[in-house]
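Visitor: Following this message is one structure expressed as structure tokens.
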Amino acid sequence: MAELNLSPPAVPTGGKRIAVMTSGGDSPGMNGAVRAVVRQTLASGGVAYAVYEGYQGLVDGGSMIKEMRWEDVRGWLSEGGTLIGTARCKAFMERPGRLTAANNMIEKGINALIICGGDGSLTGADKFRSEWPSLMDELVSTGKRKEDEVKHHRHLNIVGLVGSIDNDLSGTDATIGCYSSLERICQSIDYIDATAFSHQRAFVIEVMGRHCGWLALMAGVSCGADFVFCPENPPSENWESEMCNIIKKHREMGKRKTIVVVAEGAHDRQLNHISPTMVKDLLSEKVGLDTRVTTLGHVQRGGPPCAYDRMLATLQGVEAVKAVLESTPETPSPVICIVENKIVRKPLVDAIARTKEVAANIAKKDFEAALKGRDAEFEEFLEAFNITTATDKSGMLLPPEKRMRVGIIHVGAPAGGMNAATRAAVAYCLTKGHTPVALYNGFPGLCRHHNDKPLGSVRVLDWLDAETWASRGGSEIGTNRGLPAEDMETTAACFELYKIDALFVVGGFEAFTAVSQLRQGRQQYDAFKIPMVILPATVSNNVPGTEYSIGSDTCLNALITYCDAIKQSASASRRRVFVVETQGGASGYVATIAGLAIGALAVYTPEEGIHLNMLVEDIKFLKHSFATDAGHSRSGKIILRNEKASKVYTTELIANIIKEEAGGRFDSRFAVPGHVQQGGTPSPMDRVRAVRFGVKSLQYLEKFIGKSKQEIADDPMSASVIGIRGARVKFSAMEKIERDETDWKDRRPKEEFWMSLIDVVDTLSGRPKACRTP
Ligand code: ATP
């Protein structure tokens with residue numbers, strides 16, 4: 001297993017000739033994968049090839065297999081689709097086609113093949129690999145090749161990268177392209193939402209996914225749909241009345257609009273296809289709603305990749321090359337996967353077998369097994385969706401003595417997903433019989449109320465209050481940077497006044513600090529001897545205890561859109577470098593990941609600081625860069641500088657120094673996107689994770705029901721942070737994190753998982769090591 005923390009790519013290659021191809025349906029991010037493979041191969045001293053038009057190119061050979069230079073993939077990160085083309089190739093399905101393909105590879109001396117595609121493409125790859133020795137024998141026995149020529153090709157190195165919008169491969173949480181596709185879907189549903197609301201209409205939206213309901217389910221979770229149809233989890237036998245009842249109930253509860261998402265492969269438990277038209281007819285006739293159908297079609301595949309897909313494609317492309325370099329004839333061919341936040345290699349054969357098993361289980365109508373075959377996330381999302389849309393609470397309500405009054409509070413700056421998390425928490429509370437108590441405008445809001453100033457800062461929420469919050473940016477219950485320590489006594493009195501039994505805190509480093517203060521305040525105030533969970537939410541992603549905060553993905557998307565526009569302007573004027581200032585407080589996370597996602601020339605972080613020598617070396621690098629790619633149509637260059645990277649070398653100063661030193665050879669400008677980075681509408685990833693973690697947090701708080709105040713105070717886990725740590729979602733005790741893992745001075749975790757990714761940014765931009773020497 002390889003960690004996300006990628007080490008510098010100094011692995012000797014022994015003259016590897018690595019070819020990369022894209023195959024099957026195109027997906028956003030494929031170009032980023034090709035770029036990463038090509039550049040990582042070259043940086044490791046190998047020779048890189050691109051096979052054009054998928055397996056067809058491999059069968060056709062000749063100019064369809066092209067050697068790639070460094071500049072050939074410049075600017076590819078931000079392009080949608082696949083620039084090296086893809087095709088469905090019949091010839092490769094048969095042995096003679098594969099024999100020709102093998103011969104063409106030997107012709108070019110290629111000894112490793114990295115394939116980015118869906119399960120079909122990877123199945124083909126696996127077949128090719130298993131057949132390879134016999135293909136070599138046949139080439140020799142039929143006189144096409146001499147033994148000498150195949151001697152060094154007896155072993156074929158194959159690595160799979162999963163490029164598919166469906167997210168249908170078992171073993172990986174995400175495929176390259178699925179989050180971009182989800183963005184496209186959610187954007188469309190958000191637009192439809194507005195008109196549905198205006199006219200009180202119902203919309204039935206068909207999304208892609210013949211065998212996999214990931215897109216449908218995630219779209220349902222992110223957009224607050226009323227009902228979702230996915231192939232792995234068909235609705236009950238009497239789904240018609242079940243769906244109509246839920247939707248009727250939602251309308252009775254005051255909802256003005258209805259959204260139903262249908263995967264194209266939806267069916268009932270007898271495998272009879274459920275079409276959007278069938279759903280529409282039911283809604284029109286049985287519920288009496290003005291209902292329309294929208295089929296999103298190929299827009300779902302298109303457009304530029306989102307930040308996450310660019311990062312995933314880049315890190316996986318790099319990992320694929322490393323897997324090639326480290327492989328031996330005994331190593332099973334890997335497929336590069338991601339589990340939560342960890343890039344891992346898994347045996348390709350197993351992943352394909354498990355994927356096929358899901359399809360077989362669906363065909364056998366064993367839906368429970370089919371669901372198990374998807375990753376753990378899938379079931380959790382399904383549960384979260386069901387909880388947020390439930391109308392029949394029978395069987396879910398807890399007995400009265402187990403019900404809690406859960407305080408919900410937002411602390412710090414707004415971040416995408418805060419409202420989605422709150423909506424999920426409210427729905428969860430109501431489903432289980434708890435009372436969701438919103439503490440408006442953070443701790444100062446709470447305390448103001450107690451002092452008899454304006455009322456209304458504490459309110460019990462009902463389902464409809466929060467129902468429309470799934471996709472909203474900002475903070476509907478208001479957020480504030482104020483900390484409880486500003487008035488501990490009043491805070492404690494308010495907790496008692498409103499009978500808060502458990503606390504769900506959503507926010508960034510301030511929220512973390514607030515919970516730390518409350519935890520420590522337990523010594524003096526019994527009111528704080530309640531379970532508390534913080535769900536990290538901040539664009540800076542600097543909360544200790546997690547590698548991911550909701551809101552950070554929205555920020556990265558806003559930043560890359562901004563940088564793409566700037567890059568275009570910079571490349572139109574050919575000779576310009578932009579120095580862009582990013583947010584992130586004293587954490588260089590945003591700068592670094594955005595750097596990976598846009599292909600920045602360099603990133604300047606507070607962790608490393610900026611030194612004169614760095615600037616001198618980077619200017620040399622820039623001069624070299626502009627000299628070697630003069631006239632290239634995609635030569636816009638960007639340096640990302642975190643806002644706190646240096647007190648002296650400001651963004652403007654760096655741009656001016658570069659301009660001065662360029663001596664007219666090129667120009668330099670600076671740009672500060674500022675609060676644009678908080679984003680407008682939260683990204684689907686932030687929304688779905690907010691829902692998943694929101695529900696998990698509430699379930700976690702329930703574990704303390706029935707415990708005495710002292711038992712709670714004595715249990716370090718009763719004040720926790722929910723977070724992603726490597727391959728796991730975990731609750732970690734505040735006490736330990738505060739003590740061992742927090743850099744309080746710089747307001748960030750002591751160990752930041754992404755630090756080594758600066759090396760990847762550098763390797764892929766060609767930046768020499770000397771540029772990082774202080
Ligand atoms: P998508 O997720 O878009 O469906 P995919 O990779 O599953 O992508 P397919 O059309 O199934 O797309 O496969 C792409 C190509 O891979 C096929 O045209 C064929 O050339 C090759 N391929 C697929 N299955 C096999 C197989 N069993 N044996 C050999 N080659 C195969």
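The values are calculated or read from the model by the stated rules, or taken from the named source; none is laboratory data. Everything numeric in this text was worked out from a predicted model, so none of it was measured. We place every Cβ from the backbone using ideal geometry, glycine too, and count neighbours over all the protein chains shown.
Visitor: Test MET64 against the criterion of being more than 16 Å from the ligand (Cβ to nearest atom), buried (at least 18 other Cβ atoms within 10 Å of the Cβ) and not assigned by the TED database to the domain that holds LEU596, and give yes or no.
Guide: When the stated conditions are applied, MET64 does not pass them.
So that you can scan it fast, the table gives a plain yes or no per residue for (1) outside any helix (DSSP H, G or I); (2) more than 11 Å from the ligand (Cβ to nearest atom); (3) buried (at least 24 other Cβ atoms within 10 Å of the Cβ):
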{"site": "SER27", "(1), (2), (3)": "yes, no, yes"}
{"site": "GLY32", "(1), (2), (3)": "no, yes, yes"}
{"site": "ARG39", "(1), (2), (3)": "no, yes, yes"}
{"site": "GLY45", "(1), (2), (3)": "yes, yes, no"}
{"site": "ASP72", "(1), (2), (3)": "no, yes, no"}
{"site": "GLY80", "(1), (2), (3)": "yes, yes, no"}
{"site": "CYS89", "(1), (2), (3)": "yes, no, no"}
{"site": "MET105", "(1), (2), (3)": "no, yes, yes"}
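Visitor: A further question follows. Within the stretch 126-151, which residues are within 16 Å of the ligand (Cβ to nearest atom) and among the hydroxyl-bearing types (Ser, Thr, Tyr)?
Guide: Those that are within 16 Å of the ligand (Cβ to nearest atom) and among the hydroxyl-bearing types (Ser, Thr, Tyr): SER130, SER134.
Visitor: State all residues of the stretch 331-346 that are at pLDDT 90 or above, closer than 23 Å to TYR548 by Cα and in a loop (DSSP other than H, G, I, E, B); if no residue qualifies, say none.
Guide: Correct list: ASN341 only.
Visitor: Next up: Could you check how many residues of the stretch 674-723 are under 30 Å from ARG576 (Cβ atoms) and surrounded by 19 or more Cβ atoms within 10 Å (Cβ to Cβ)?
Guide: So the count comes out to 4.
Visitor: Within 11 Å of the ligand (Cβ to nearest atom) and of a type outside the set (Phe, Trp, Tyr) - does that describe any residue in the stretch 186-209?
Guide: Within the stretch 186-209, one or more residues are within 11 Å of the ligand (Cβ to nearest atom) and of a type outside the set (Phe, Trp, Tyr).
Visitor: Now a separate question. Being without any contact (Cβ under 8 Å) to a residue 24 or more places away in the chain and assigned to a loop (DSSP other than H, G, I, E, B) is the filter here, so list the residues in the stretch 714-759 that pass it.
Guide: ASP715, TRP744, LYS745, GLU751 - these are the residues of the stretch 714-759 that are without any contact (Cβ under 8 Å) to a residue 24 or more places away in the chain and assigned to a loop (DSSP other than H, G, I, E, B).
Visitor: Let me ask you something else. Enumerate the strands (runs of 3 or more DSSP E) found wholly within the stretch 521-604, keeping only those where 1 or more residues are farther than 30 Å from ASP629 by Cβ and touching a residue at least 40 places away in the same chain (Cβ under 8 Å).
Guide: Because the criterion is at least 1 residues that are farther than 30 Å from ASP629 by Cβ and touching a residue at least 40 places away in the same chain (Cβ under 8 Å), the strands (runs of 3 or more DSSP E) in the stretch 521-604 that meet it are 532-536.
Visitor: Which residue pairs have Cβ atoms under 6 Å apart, sit 6 or more places apart or on different chains, and have a first residue in the stretch 62-74 that is modelled with pLDDT of 95 or more and a second that is assigned to a strand (DSSP E or B) and not β-branched (Val, Ile, Thr)?
Guide: The qualifying pairs are ILE65/TYR49; LYS66/ALA50; GLU67/TYR49; MET68/ALA48; MET68/ALA50.
Visitor: In this structure, does GLY664 turn out to be outside any helix (DSSP H, G or I) and not assigned by the TED database to the domain that holds GLN568?
Guide: no
Visitor: Could you please find all residues in the stretch 257-274 being surrounded by fewer than 17 Cβ atoms within 10 Å (Cβ to Cβ) and either within 31 Å of the chain's Cα centre (by Cα) or not charged (D, E, K, R) (or both)?
Guide: GLN270, LEU271, ASN272, HIS273
Visitor: Another question, then. Looking at this structure, is THR123 among the β-branched types (Val, Ile, Thr), surrounded by fewer than 21 Cβ atoms within 10 Å (Cβ to Cβ) and within 14 Å of the ligand (Cβ to nearest atom)?
Guide: Against the criterion (among the β-branched types (Val, Ile, Thr), surrounded by fewer than 21 Cβ atoms within 10 Å (Cβ to Cβ) and within 14 Å of the ligand (Cβ to nearest atom)), THR123 qualifies.
Visitor: Any residue in the stretch 618-633 that's in the same structural domain as GLN568 (by the TED database) and modelled with pLDDT of 90 or more: show its pairings with residues that are basic (Lys, Arg) and not in a helix (DSSP H, G or I) at Cβ separation under 6 Å, as long as the two are six or more apart or on different chains.
Guide: Within 6 Å, the pairs are PHE621/ARG767.
Visitor: Determine, yes or no, whether GLU53 is closer than 25 Å to ILE336 by Cα, within 11 Å of the ligand (Cβ to nearest atom) and buried (at least 19 other Cβ atoms within 10 Å of the Cβ).
Guide: yes
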